[in-house]
Structure formats: structure tokens, C-alpha cells
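A.B. asks: If you scroll down you'll find the structure; I have some questions about it.
The values are calculated or read from the model by the stated rules, or taken from the named source; none is laboratory data. Since the structure is predicted, the reported quantities are computational estimates derived from the model, not experimental observations. Reconstructed Cβ throughout: ideal geometry from the backbone, glycine too, with neighbour counts over all protein chains shown. Only protein heavy atoms, including side chains, enter the accessible area calculation; ligands, DNA and RNA are left aside. Shrake-Rupley method; radii C 1.70, N 1.55, O 1.52, S 1.80 Å.
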Amino acid sequence: MLNKYARAFFTRVLTPFAALLIRLGVSPDAVTLIGTGGVMAGALVFYPQGEFFWGTVVITLFVFSDLVDGNMARQLGRSSRWGAFLDSTLDRVADAAIFGGLALWYAGRGDSLTLCAVTIFCLASGQVVSYTKARGESIGLPVNVNGLVERAERLVISLVACGFSGLHKFGVPHIDKLLPIALWIVAVGSLVTMIQRVVTVRREAAEADAVPAGGGETG
């Protein structure tokens, strides 16, 4: 749902900025690389220190590069397999940095091995959710399923919770409890989404494998 509606809204909002970057001679690939670097810096510098508010501010500023680079490519008429591959690959790197930074916090000063494990599960399950779709499509299956918690939902839930939890350092009481709740939601939602995709691929594969056999029996 977020992919469908939020992406369309922010694409319209960011179109003038993408056009400006094109006029300045910036390439879509450069935007992708800079955006990923900014997300990694925000996550791996601020989150392990418990600076969730400022880390989320930095990440949010750079995470929109995921929309800007694609917008630029479309305006230039240069959409390419390489650009799609690079964008998708660096998305996984950025996601790993976000949850990796949170895991480092809980393994250190956050002092919660349970939440560290939950965060690592969020990281791993998010990668597997993406892989199941990519692998299913690579063997010719459509993987027609809208998962409960896909990448957009994982990022929004996690980053909003991180940002608000960071307000605890500004004196807002009990708001730091939001982040653990959000991580559990993402973990459970990612597990459900992974199961949804595996079941869908199994069904689509069975249907695809049955077609030649069914066709051969007619007449």
C-alpha cells in the first residue's frame, strides 16, 4: 500500500528537484551512491550511540534518493537494467546498515540481547523477503502477492519509531518504548510476508509445472 500511494506522492513532489540535478549534470547512479552512503553514515554513526533522533533525521534526508534517482532516469529516458540492479542492490545495503546500527546499540549500551536478536531477525528476514520475490521472478513466476510488511513498511515503521524514541533524550517520558514495539511488529510482519511469498511461489510453480502435462492430455 505504501509503495503504491506514498511513492506516487513523493515522486510528484521530488520531480522538480530531480530536474534540477539533471541540469547540474548529476547522474542517477551518483544520486544512488550518495544516498546509500548517507543512509549508512546516519545509521552506523548515530544509532550505535543511541542518537536515534539525529540518526533518523540524517537517514530520512538521504533515503529519498531512492525516488530521486529513478525519477531522473525516467526524465532522461535512460532507464536501464544496470540502474535497476544497482538501485536494488544498494537498497539492501542501506537496509542492512539501519538494522545493523540498531543491533549494535542493543548489543552494547542498549544492553538487550533479546532486542539485538529481534533486530538481527528484522535485518535477515527483510533480505529474505526481497530474495524470495527476486528468485521467484528469475525462474519465470510473477510472484503476485502484496506482502503484509514489505520494504516501504519496514522502513516507515522502523524510522518513525526510531525518530520518536530519540525524543526521550529531549525529556519526553516513556517514548523510548516505541522502538522495541516497532521492531517486534516489523519482525512478525516480515515473517508473515516471507511465508506469504513462499506459499505464493509454491502455488505458482505448481500451476506452471502442471500446464504442459494438462495440455498434453487433450484430444
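A.B. asks: Considering only region 133-152, state which residues are of a type in the set (Gly, Ala, Ser), at negative phi and modelled with pLDDT of 90 or more.
C.D. replies: Within region 133-152, the first condition is being of a type in the set (Gly, Ala, Ser), and the residues that meet it are 134, 136, 138, 140, 147, 152.
From what is left, the residues that are at negative phi are 134, 136, 138, 147, 152.
Those that are of a type in the set (Gly, Ala, Ser), at negative phi and modelled with pLDDT of 90 or more: Ala134, Gly136, Ser138.
A.B. asks: Exactly one of these conditions fails for Leu123: (1) touching a Cys at 6+ places or on another chain (Cβ under 8 Å); (2) aliphatic (A, V, I, L, M); (3) open to solvent by less than 60 Å² (accessible area, probe 1.4 Å). Give me its number.
C.D. replies: With (1) touching a Cys at 6+ places or on another chain (Cβ under 8 Å); (2) aliphatic (A, V, I, L, M); (3) open to solvent by less than 60 Å² (accessible area, probe 1.4 Å) applied to Leu123, the lone miss is (1).
A.B. asks: Continuing with the same structure: Among (1) part of a helix (DSSP H, G or I); (2) open to solvent by 20 Å² or more (accessible area, probe 1.4 Å), which single condition is Pro142 missing?
C.D. replies: In the conditions (1) part of a helix (DSSP H, G or I); (2) open to solvent by 20 Å² or more (accessible area, probe 1.4 Å), Pro142 misses (1) alone.
A.B. asks: Scan region 171-211 for residues that are part of a helix (DSSP H, G or I), free of Cβ contacts under 8 Å to residues at least 40 places away in the same chain and farther than 28 Å from Asp95 by Cα and report the count.
C.D. replies: 6
A.B. asks: Against the condition over 25 Å from Leu61 (Cα atoms), of a type in the set (A, V, I, L, M), buried (at least 16 other Cβ atoms within 10 Å of the Cβ) and modelled with pLDDT of 95 or more, how does Val201 come out, does it pass?
C.D. replies: yes
A.B. asks: Another question, then. What's the number of the only condition in (1) under 21 Å from Ala161 (Cβ atoms); (2) at pLDDT 95 or above that Phe10 fails to meet?
C.D. replies: That leaves (2) as the condition not met.
A.B. asks: What about Leu191, is it surrounded by fewer than 19 Cβ atoms within 10 Å (Cβ to Cβ) and in contact with a Gly (Cβ under 6 Å, 6 or more places away or on another chain)?
C.D. replies: Judged against the criteria, Leu191 is not a match.
A.B. asks: Specify which of the listed residues (Ala117, Ala103, Ala107, Ala96) is touching a Cys at 6+ places or on another chain (Cβ under 6 Å), among the aliphatic types (A, V, I, L, M) and open to solvent by 20 Å² or more (accessible area, probe 1.4 Å).
C.D. replies: Ala107
A.B. asks: Restricted to region 145-162, and to residues that are under 17 Å from Gly100 (Cβ atoms) and touching a residue at least 60 places away in the same chain (Cβ under 8 Å), which residue is most open to solvent (accessible area, probe 1.4 Å)?
C.D. replies: The selected residue is Arg151.
A.B. asks: Hey, which of the helices (runs of 4 or more DSSP H) in region 1-82, taking only ones fully inside, have at least 1 residues that are closer than 22 Å to Asp176 by Cα and not hydroxyl-bearing (Ser, Thr, Tyr)?
C.D. replies: Answer list for region 1-82: 28-41, 52-63.
A.B. asks: Consider Ala41 carefully, then state whether it is in contact (Cβ under 8 Å) with a residue 40 or more places away in the chain and either over 28 Å from Thr132 (Cβ atoms) or open to solvent by less than 30 Å² (accessible area, probe 1.4 Å) (or both).
C.D. replies: Against the criterion (in contact (Cβ under 8 Å) with a residue 40 or more places away in the chain and either over 28 Å from Thr132 (Cβ atoms) or open to solvent by less than 30 Å² (accessible area, probe 1.4 Å) (or both)), Ala41 does not qualify.
A.B. asks: So, one more: With the structure loaded, tell me whether Ser112 is at pLDDT 95 or above and open to solvent by less than 30 Å² (accessible area, probe 1.4 Å) or whether it fails that test.
C.D. replies: Working: at pLDDT 95 or above: yes; open to solvent by less than 30 Å² (accessible area, probe 1.4 Å): yes.
Against the criterion (at pLDDT 95 or above and open to solvent by less than 30 Å² (accessible area, probe 1.4 Å)), Ser112 qualifies.
A.B. asks: So, one more: Show the residue pairs meeting these rules: Cβ distance below 8 Å; 6+ apart or different chains; first residue within region 53-73 and more than 13 Å from Ala94 (Cα to Cα); second residue of a type in the set (Lys, Arg).
C.D. replies: Sorted first by the residue in region 53-73, then by its partner, the pairs are Phe53/Lys169; Leu67/Arg7.
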